[in-house]
Amino acid sequence: MQVFLQTFIGGMSLGAIYALVALGFSLVFRTMGLVNFSHGNVVMIGAYLASTFYLSTKLPFALAMALAIGGTGLIGVIIERVLRPLENKDFDLMLIGTIGFGIVLEAVAIIIWGATGNAVPNPVPTGPLEVLGLRIRTYDLVVLAIATAAAVLLVFFLQSTKRGAAMQAVAMDHEAATAVGIHVGRSNAIAFMLGAGLAALAGGLVGPLLYVNPTMGGALGIKGFAAAILGGFGSIPGAIVGGFAIGVLDAFTAGHFQGYSELVTFLVFTVVIMIRPTGIFGERTVNRA
Amino acid sequence: MKLRVAGIGVLAVLAWLLPYQLDSYLIHVANVVILFAILAIGLGLVMGIAGQINLAQIALFGVASYATAILTTRAGFGFWTAAALAMLIVAAIGLLIGTPALRMQSHYLGIVTLGLALALTNWVTNAHIAGGAEGITGIPAPTLPGIDLRNDYFFYYLELIVFALALAFGLFVVRTPLGRKMRAMRDDSLAAGAVGVEVPQLRMTAFFLASIYGGVAGVLYAGLIRYVAPETFSIANMFLLLAMVIIGGRQSLVGCVVGAVALSLLREVLVDYPTYAQVAYGTIVVLTVVFAPTGLAGLPVRARGLLQRLGWLRRDTGAPPKLGDFRPYDEVERPAEQVILRIDDVSMHFRGLKALQEVTMEITSGEIRGVVGPNGSGKTTLFNVVSGLYRPTSGRVWLGERDLTAARPHTLARAGVARTFQNLRLFPLLTVRENLLVALDQTSVLGSWRYALWQPGVWRHDRALRRQADELLDRFGLTAFADAAPGELPYGTQRRVEIARAMARHPRLLLLDEPAAGLNGEEVRQLSEIVRSIRSTGVTVVLIEHNMGLVMSLCERVTVFASGRVIADGTPAEVARAPQVVEAYLGDSAMSEDVPVATATEATR
Amino acid sequence: MFSSLRRRAAVMLLGLALPVALAACSAPGGDQGDSNKTDGPIKIALVDAQSGQLSSLGAWELKGARLAIDEWNAAGGINGRQIELGVFDDQGDPTVGTNLARKIASEGYIAMIGTAESAVTIAMAPILRESKIPNITSGQSPGLVAVKSPFLFLNGPTSVTYDETLAKYIVDTKGLKNIAMITNNGGYGKGEHDAFTKSLQARGVKPIEDQVVTADQKDFSAALTTIRQKNPQVIFIGAEEVQSGLIVKQARDLGITVPFAGAAPQGTPVFADTAGTANVEGTIVSSPYLSNEVSEASKKFAAAYKAKFNEDAEMHGAKAYDGTQILLNALKTSNVATGQALADAIRATKYAGLLGDFAFDDTGVGIFATRIGTIQGGKLVAAG
Amino acid sequence: MSIGTDPTPARTTGPDFAVEGLTVHYGGVCAVNGISLTVPAGQSVGLIGANGAGKTSALRALMGLVPRKVGAVRFGDTDLARVKARDMVRHGIGYVPEGRHVFAGLPVEKNLLLGAYARKWDAATRASLSEVYELFPVLEEMKDRLAGALSGGQQQMLAIGRALMSQPKLLLLDEPSMGLSPKLVETILAVLQRLQGQGLSMLLVEQNAKLTFEATGTCLVMEHGEVVLSGTSAELTHDARVRKIYLGL
């Protein structure tokens, strides 16, 4: 039982990261119909930016994170701008275009930061909490709190601000949105920027948890994307539930199948998606596929 | 044509003489390049030709290499026996990886195939039998009598011959019925189903073909390198292969090969700077998708277009080809009247929207039935139910004596239902002739075994289809446009191509969805002539139409829809008088009172 | 029309037949002639990952080898010939390795140093053997010995030696029997796993927990939780530097306080930096090169290394330095022989190096001892 | 599902709206062929015709939602020919698209507020909102429901309400009666008449001829992309040619 709970907790903290990654995927897909395969690499860049600001310039962690979010937001805008001619035209080609961006981002990271990567010390120095024999890292709690806050803020932004409502409107009906005076292109760019910002948040948080290196984007991106699909692509609650689901699934397969964990994780994912292609909350977006 | 044969000959000779120019390292590089070229052809087939995103191609390659390695080193099989078994295994795995394609497409398929590829890599990294991360060493070199295949130079010739066969077979597939169906499915899977293409089976066939190419490359890899390890089949290499196909031009197999060669050479040149090579090819991928989506293979066409725009190259100034006259079918005796289509209490709901409500209709063989009604009254939904695109919420659809309520579009097409679409769904990247050829081919995808065992049969079949296509083109006056892309044709001509394509199925029941939309007066007149002639061959025609003049003059019976229900049914004159019809159209029941009695014979325009 | 077609076909057939005929008389290629020349520089290849995740190993190796070669060149080379070091990047990918093996063969290199990745070296071995190019590798996997190539030599002990020494210390000297293991399924981790398990078995000890993780895994909470449940006295790690560091860091976060034990990677600064200096305190390391201070030779080496590259020497550099020295000595004694003669000369070389006294046996291993050190106060010191 | 009856203050009436030579091509088909029309200040003009006559294309082209060729679009002294679709609303043009096109996943009130996207969301917006709620009390009852869950008639009211939130001076309506029951059509008619009474200019594209004749003063009849008939609505009501165009008789 204790192993079960401890594994579960471990899964939850990585799950929170996957959820953030999935949120970025879903937000961009929901607002502009783009599947951004370079999202994982943007996460990686975000992780590097955050850890670089945190480690070498000795900025406070929160400030380093904010700068990283700004940096990746800019990258997001660039990707959107370059691929804009393909929007609403060729879905598959756009997808491949983002893969190309991912390849470039990874190589650029190697050129700037080297291939080996670096460990990021825990920014929350307090020791782990001991609850009923379970060890809970304080940093895990911080990650969960920040991820929750980010999700709440995102939902608040979409539900309660004019810009957020407009972004959703664009996603639902871009022509009607145009008719009420919304600049669709700008709205898309902001969505992409937000998605990239979420990526940096995920990357910055995952740095101290794991390790920062140029290939980290691949694993996080694929798991995060799987999480988004599992939850229902384009759905905000779906991204969060899917993220935790993949995180916990990952933790338990790592426990039970050890080296074979990836095999089991992806087989389970494939079977679930075959049975329910729309994911858990995904009824609304299925016609886009 | 002569030029092409000569070109191929020169290339073949050059390829044959190439080793004389290469040192022992470069010949090895050439061998690896050929492997990538074979892999790229496979990916081009499944992705560029059949439109299925397959991010597991490199994993299939790995499966075959590993199978060969395991069977030779662990089970003691000879190389060629192991290779044959490996091909069986990779084909099975290919079909397994393709299964999700039956349920999902596009990015969903991308992530699932990517996930399965990762799962396979994960397995070989762990499994004791696969040697774990250290891989399997000591794979015996393949032997051929009298030739030492351990020598990279001789291996080159083996690969060259296999490659030539692989490319020739790929091109053969693309240009014959199987490949045409795949391209049709890629361009528009809905319309492909409607002309009888068995989309699910075809998707599996595409994955099967990809796995064969992956398998051939994998077996050769095992024989060439004689060592396998997980890194070789990594996602990074998958993306590299993808880049080759995209840069070369995914819709052209030759383009895929060119891309594979070009990118391999680029990588070789930058071998000491792999990171910069990565920047370079990633950038090229992005630039390609944005600025040259057809890749290197599409450049000649684009260049010609550019030169023409700049005025450096003369445009074809010959008179634009003209739409010929329709040559009427020979009349046949009208068959005994029977109910050919029975729609029985069909309802269709879309999450709260009731598009069809308890619709019941009977259509008698040999009639021309008009279906009219205001926008959004459910007419096209009805067509979609009858042609199998929608599964009705309740009710049944009978074709003659067969209950075809939940049948797939291709089943209905094969049962004799053909249709056209309101917004034209021609296959844009196929020529007009090819559009017809896809529909003309009545053979099943399962008959594709002939491709492996009896190619002359396939060839003869294709020749026969081409003769039929020529006949059909001539009948519909489309001969001048046979090799044009549909998108370049005038709208009215496209409409006619779509009708010709539907007729290529030799249907019993023809559904025309707004065939006169966008046509001018003369074209409408020709249309009504065509429809009459089609009916005279015993085909039953149902048409949705807004051009009431056409409906009134052409149809014997008219069914009127409003808000998803049938509100009137009868001769044109009868329904035009019916108050509920006038109200549905004009909004005023009072206005129906002073409607004069209609004469249904006169064509207004 | 028809006849012209036939004529064309005939011409094409001829075009095809001619090269076939040529091929039948003389095979193309045959360019391995230039490795026996007796003037010009002596060409030695260094193959290692210079890019990718394992490129730090490659960089260390290169420095060690470069240092040795520069010393010889400064002293006038061998028989008046300078030594030229060609550097090749295998990217940590065995297939790239096989390509490079052919490349160095075709470009006339007479010997090869590297690689640090056992899997890459194993992949290259058959080709190097065919081309008769001796290879001194930094790999330590028992799999290297299993290849049984007379052209393959190791510049250090195999995992068997590392782990036998370690098991002897832990079980025999310290009397610790409750041992948990966490290893990765990569080439290095698997070698460690098998060697250590075998050494324990020989002592009648069964690990109380045996967790395997993937080589690119970064989160170990599941494995470590299971280990924590079993209350081991010591935890054996079989993983590369970075992953080992992450494991220790996360273990401490989960409240695991017992010491870790492992082979060479656990003695490196990268391991300590990744884990956090405080977390690695007490780690037991089995290494042939515990620190730069162990002998006069190592002090001299460390000083030269520092002077040349402005960074502190460590084990991998020392290993490569030893391996290169052995090769150069063999070249000198054999009057720059190549092929089989050079391999024989290497096998015959006795060399007192930084890692100990080398004397090669038939398996290509020249050294059979490691030392035990523990990390105390952030430094690796020899254990009492 | 009735509409509110309280009188509301008259709106500021906009200037004359005039279009000349509007042409739309879709992939080789000429959907609209050089039509011209004028909506005088405070007046309602109807554009009717059978399915496929080009009415909707014409309206969408007016908004700039589809590529078009146009001689001139004038709204009083302002030239709207080069104004982008998203900026039309800032020049006082409200648009009610065909098939409602509400933002299905957003609540009713959010839909309405988005109608005022081009304005500042302030007290005046709240005032507009209560005006709309007064006009359509049912929308207030449903204000927290998702727009997609509304009935067709309610969605139509929402679409009109959304367009009114921008305080337009000219309202372009595309087939507001489509798919509605006769009773609901009556309700919509009453709303249009009331809006006109307040001085709002309207251009009404409809298939429902009767509704259009009752809601507008003048009417144009389209066929094959061209205006083939025009006159006062009263005249056209009794014109047999209208019926012929519709029913092909």
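Looking for whichever is at pLDDT below 80 and out of contact with any helix residue (DSSP H, G or I) (no Cβ under 6 Å at 6 or more places or on another chain) here; the options are B:GLU333, B:GLU401. Which one fits? Break it down into steps so the answer makes sense when it comes.
Values: B:GLU401 fails: at pLDDT below 80.
Among B:GLU333, B:GLU401, only B:GLU333 is at pLDDT below 80 and out of contact with any helix residue (DSSP H, G or I) (no Cβ under 6 Å at 6 or more places or on another chain).
What are the residues in region A:255-284 that are touching a Lys or Arg at 6+ places or on another chain (Cβ under 9 Å) and not in a helix (DSSP H, G or I), if any?
A:PRO277, A:THR278, A:GLY282, listed by residue number.
Can you pull out the residues in region B:559-605 that are modelled with pLDDT under 75 and among the aromatic types (Phe, Trp, Tyr)?
Selection gives B:TYR585 alone.
Spot the failing condition for D:GLU140; the list is (1) more than 20 Å from the chain's Cα centre (by Cα); (2) in a helix (DSSP H, G or I); (3) touching a residue at least 24 places away in the same chain (Cβ under 8 Å), and only one is missed.
Tallying (1) more than 20 Å from the chain's Cα centre (by Cα); (2) in a helix (DSSP H, G or I); (3) touching a residue at least 24 places away in the same chain (Cβ under 8 Å), D:GLU140 fails exactly one: (3).
State yes or no: is D:ARG86 over 17 Å from D:PHE17 (Cα atoms) and either within 14 Å of another protein chain (Cβ to nearest Cβ) or among the small types (Gly, Ala, Ser) (or both)?
Numbers: over 17 Å from D:PHE17 (Cα atoms): yes; either within 14 Å of another protein chain (Cβ to nearest Cβ) or among the small types (Gly, Ala, Ser) (or both): yes.
Yes: the conditions hold for D:ARG86.
Out of curiosity, is B:ALA439 touching a Pro at 6+ places or on another chain (Cβ under 7 Å), over 30 Å from D:GLY148 (Cα atoms) and of a type outside the set (Val, Ile, Thr)?
On the way: touching a Pro at 6+ places or on another chain (Cβ under 7 Å): no; over 30 Å from D:GLY148 (Cα atoms): yes; of a type outside the set (Val, Ile, Thr): yes.
Spelling it out, it is not the case that B:ALA439 is touching a Pro at 6+ places or on another chain (Cβ under 7 Å), over 30 Å from D:GLY148 (Cα atoms) and of a type outside the set (Val, Ile, Thr).
Yes or no: B:GLY388 in a loop (DSSP other than H, G, I, E, B) and either crowded, with 18+ Cβ neighbours inside 10 Å or out of contact with any Cys (no Cβ under 9 Å at 6 or more places or on another chain) (or both)? Break it down into steps so the answer makes sense when it comes.
Numbers: in a loop (DSSP other than H, G, I, E, B): yes; either crowded, with 18+ Cβ neighbours inside 10 Å or out of contact with any Cys (no Cβ under 9 Å at 6 or more places or on another chain) (or both): yes.
Here the answer is yes, as B:GLY388 does meet what is asked.
Within region C:183-195, does at least one residue satisfy the condition of being farther than 17 Å from B:ASN122 by Cβ, within 11 Å of chain A (Cβ to nearest Cβ) and not aliphatic (A, V, I, L, M)?
Of all residues in region C:183-195, those farther than 17 Å from B:ASN122 by Cβ come to C:188, C:191-195.
From what is left, the residues that are within 11 Å of chain A (Cβ to nearest Cβ) are C:193.
After this cut, where a residue has to be not aliphatic (A, V, I, L, M) as well, the list is C:193.
Yes, region C:183-195 contains at least one residue that is farther than 17 Å from B:ASN122 by Cβ, within 11 Å of chain A (Cβ to nearest Cβ) and not aliphatic (A, V, I, L, M).
For C:PRO94, are the conditions met, namely being surrounded by fewer than 24 Cβ atoms within 10 Å (Cβ to Cβ) and either in the same structural domain as C:LEU54 (by TED's automatic domain parsing) or in contact with a Lys or Arg (Cβ under 8 Å, 6 or more places away or on another chain) (or both)? Steps first, answer last, please.
On the way: surrounded by fewer than 24 Cβ atoms within 10 Å (Cβ to Cβ): no; either in the same structural domain as C:LEU54 (by TED's automatic domain parsing) or in contact with a Lys or Arg (Cβ under 8 Å, 6 or more places away or on another chain) (or both): yes.
Criteria not met by C:PRO94.
Which one of the conditions (1) open to solvent by less than 10 Å² (accessible area, probe 1.4 Å); (2) out of contact with any Leu (no Cβ under 9 Å at 6 or more places or on another chain) does D:GLN193 fail to meet, given that it meets all the rest?
(1)
Having 2 or more residues that are of a type outside the set (Asp, Glu) and either modelled with pLDDT of 90 or more or touching a Ser or Thr at 6+ places or on another chain (Cβ under 6 Å) (or both) is the bar; report the strands (runs of 3 or more DSSP E) wholly within region D:1-108 that clear it. Quick ask: steps written out before the conclusion?
Numbers: elements: D:17-26, D:29-39, D:44-48, D:72-75, D:93-96.
Filter on region D:1-108 gives D:17-26, D:29-39, D:44-48, D:93-96.
Yes/no per residue for (1) within 28 Å of B:VAL124 (Cβ to Cβ); (2) more than 14 Å from every other protein chain (Cβ to nearest Cβ):
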position: C:ALA215; (1), (2): yes, no
position: C:ASP219; (1), (2): yes, no
position: C:ARG228; (1), (2): no, no
position: C:PHE236; (1), (2): yes, yes
position: C:LEU254; (1), (2): no, no
position: C:ALA278; (1), (2): no, no
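Has region A:158-177 got any residue that is closer than 30 Å to D:LYS120 by Cβ, among the β-branched types (Val, Ile, Thr) and modelled with pLDDT under 90?
First, pick out the residues of region A:158-177 that are closer than 30 Å to D:LYS120 by Cβ: A:158-177.
Subset that is among the β-branched types (Val, Ile, Thr): A:161, A:170.
Next cut, modelled with pLDDT under 90 only: A:161, A:170.
So far as region A:158-177 goes, yes, one or more of its residues are closer than 30 Å to D:LYS120 by Cβ, among the β-branched types (Val, Ile, Thr) and modelled with pLDDT under 90.
Could you grab me the full set of residues in region C:134-156 that are aliphatic (A, V, I, L, M), open to solvent by 10 Å² or more (accessible area, probe 1.4 Å) and more than 10 Å from chain B (Cβ to nearest Cβ)? Please lay out each step first, then the result.
Step one: of region C:134-156, the residues aliphatic (A, V, I, L, M) are C:136, C:144-147, C:152, C:154.
Going one step further and asking which of them are open to solvent by 10 Å² or more (accessible area, probe 1.4 Å), we end up with C:145-147.
C:VAL145 - this is the single residue of region C:134-156 that is aliphatic (A, V, I, L, M), open to solvent by 10 Å² or more (accessible area, probe 1.4 Å) and more than 10 Å from chain B (Cβ to nearest Cβ).
Hey, does region C:292-309 have a residue that's open to solvent by 10 Å² or more (accessible area, probe 1.4 Å), over 24 Å from C:TYR351 (Cα atoms) and in the same structural domain as C:THR115 (by TED's automatic domain parsing)?
Scanning region C:292-309 turns up at least one residue that is open to solvent by 10 Å² or more (accessible area, probe 1.4 Å), over 24 Å from C:TYR351 (Cα atoms) and in the same structural domain as C:THR115 (by TED's automatic domain parsing).
Would you point out the residue of region A:209-254, among those that are aromatic (Phe, Trp, Tyr) and not in a helix (DSSP H, G or I), that is farthest from the chain's Cα centre (by Cα)? Please lay out each step first, then the result.
Quick first cut of region A:209-254, residues aromatic (Phe, Trp, Tyr) only: A:211, A:225, A:233, A:244, A:252.
Of the ones still in play, those that are also not in a helix (DSSP H, G or I) are A:211, A:233.
Numbers: A:TYR211: 16, A:PHE233: 13 Å.
Checked region A:209-254; the qualifying residue farthest from the chain's Cα centre (by Cα) is A:TYR211.
Yes or no: D:GLU134 part of a helix (DSSP H, G or I), of a type in the set (D, E, K, R) and touching a residue at least 24 places away in the same chain (Cβ under 8 Å)? Full working, then the answer.
Working: part of a helix (DSSP H, G or I): yes; of a type in the set (D, E, K, R): yes; touching a residue at least 24 places away in the same chain (Cβ under 8 Å): yes.
Here the answer is yes, as D:GLU134 does meet what is asked.
Read through the list (1) open to solvent by less than 50 Å² (accessible area, probe 1.4 Å); (2) within 10 Å of another protein chain (Cβ to nearest Cβ), then give the number of the only condition that A:PRO121 fails.
Every listed condition holds for A:PRO121 apart from (1).
Restricting to region B:350-373, name every residue that is open to solvent by less than 20 Å² (accessible area, probe 1.4 Å) and outside any strand (DSSP E or B).
Going through region B:350-373, the residues open to solvent by less than 20 Å² (accessible area, probe 1.4 Å) turn out to be B:355-356, B:359, B:361, B:363, B:365-373.
Result: B:SER365, B:GLY366, B:GLU367, B:GLY373.
Residues checked against (1) of a type outside the set (Asp, Glu); (2) within 11 Å of chain C (Cβ to nearest Cβ); (3) surrounded by fewer than 24 Cβ atoms within 10 Å (Cβ to Cβ):
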position: B:SER24; (1), (2), (3): yes, yes, yes
position: B:LEU39; (1), (2), (3): yes, no, no
position: B:ILE49; (1), (2), (3): yes, no, no
position: B:GLN57; (1), (2), (3): yes, no, no
position: B:PHE61; (1), (2), (3): yes, no, no
position: B:ALA64; (1), (2), (3): yes, no, no
position: B:LEU85; (1), (2), (3): yes, no, yes
position: B:VAL90; (1), (2), (3): yes, no, no
position: B:ILE93; (1), (2), (3): yes, no, yes
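Condition test on D:ALA147, is it closer than 21 Å to A:GLY164 by Cα and touching a His at 6+ places or on another chain (Cβ under 8 Å)?
Details: closer than 21 Å to A:GLY164 by Cα: yes; touching a His at 6+ places or on another chain (Cβ under 8 Å): no.
So D:ALA147 fails the test.
Would you be able to tell me the number of residues in region B:525-547 that are open to solvent by 10 Å² or more (accessible area, probe 1.4 Å) and within 14 Å of chain D (Cβ to nearest Cβ)?
3
Could you please find all residues in region C:314-366 being small (Gly, Ala, Ser), in contact with a Phe, Trp or Tyr (Cβ under 9 Å, 6 or more places away or on another chain) and surrounded by fewer than 18 Cβ atoms within 10 Å (Cβ to Cβ)?
The answer is C:GLY339, C:ALA348, C:ALA352, C:ALA359.
If you go through region A:131-172 one residue at a time, how many are over 25 Å from A:LEU5 (Cα atoms), in contact (Cβ under 8 Å) with a residue 24 or more places away in the chain and either of a type outside the set (A, V, I, L, M, F, W, C) or within 14 Å of chain C (Cβ to nearest Cβ) (or both)?
Residues flagged as over 25 Å from A:LEU5 (Cα atoms), in contact (Cβ under 8 Å) with a residue 24 or more places away in the chain and either of a type outside the set (A, V, I, L, M, F, W, C) or within 14 Å of chain C (Cβ to nearest Cβ) (or both) within region A:131-172 amount to 2.
Can you pull out the residues in region C:304-342 that are among the polar types (S, T, N, Q), touching a residue at least 24 places away in the same chain (Cβ under 8 Å) and within 27 Å of C:THR370 (Cα to Cα)? Explain how you work it out, then say what you get.
So in region C:304-342, the residues among the polar types (S, T, N, Q) come out as C:310, C:324-325, C:329, C:333-335, C:338, C:340.
Remaining after also requiring touching a residue at least 24 places away in the same chain (Cβ under 8 Å): C:324-325, C:335, C:338, C:340.
Those that are among the polar types (S, T, N, Q), touching a residue at least 24 places away in the same chain (Cβ under 8 Å) and within 27 Å of C:THR370 (Cα to Cα): C:THR324, C:GLN325.
Can you find a residue that is more than 14 Å from chain D (Cβ to nearest Cβ) and among the small types (Gly, Ala, Ser) anywhere in region A:181-188? Outline the logic, then answer.
Taking region A:181-188 and keeping what is more than 14 Å from chain D (Cβ to nearest Cβ), we get none.
Within region A:181-188, none of the residues are more than 14 Å from chain D (Cβ to nearest Cβ) and among the small types (Gly, Ala, Ser).
Output the residue which, of all residues in region C:214-239 that are of a type outside the set (Phe, Trp, Tyr) and in contact with a Phe, Trp or Tyr (Cβ under 6 Å, 6 or more places away or on another chain), is most open to solvent (accessible area, probe 1.4 Å).
Residues of region C:214-239 that are of a type outside the set (Phe, Trp, Tyr), as a first pass: C:214-219, C:221-235, C:237-239.
So of that shortlist, the ones also in contact with a Phe, Trp or Tyr (Cβ under 6 Å, 6 or more places away or on another chain) come out as C:218, C:235, C:237.
Values: C:LYS218: 41, C:ILE235: 0, C:ILE237: 1 Å².
Filtering region C:214-239 for residues that are of a type outside the set (Phe, Trp, Tyr) and in contact with a Phe, Trp or Tyr (Cβ under 6 Å, 6 or more places away or on another chain), the one most open to solvent (accessible area, probe 1.4 Å) comes out as C:LYS218.
The values are calculated or read from the model by the stated rules, or taken from the named source; none is laboratory data. In this text, all values refer to a predicted model and were calculated from it rather than measured experimentally. Please note: Cβ atoms are built from the backbone with ideal geometry, for glycine as well, and neighbour counts cover all protein chains shown. Areas reflect the complete protein model, heavy atoms only, side chains present, ligands, DNA and RNA absent. Shrake-Rupley method; radii C 1.70, N 1.55, O 1.52, S 1.80 Å.
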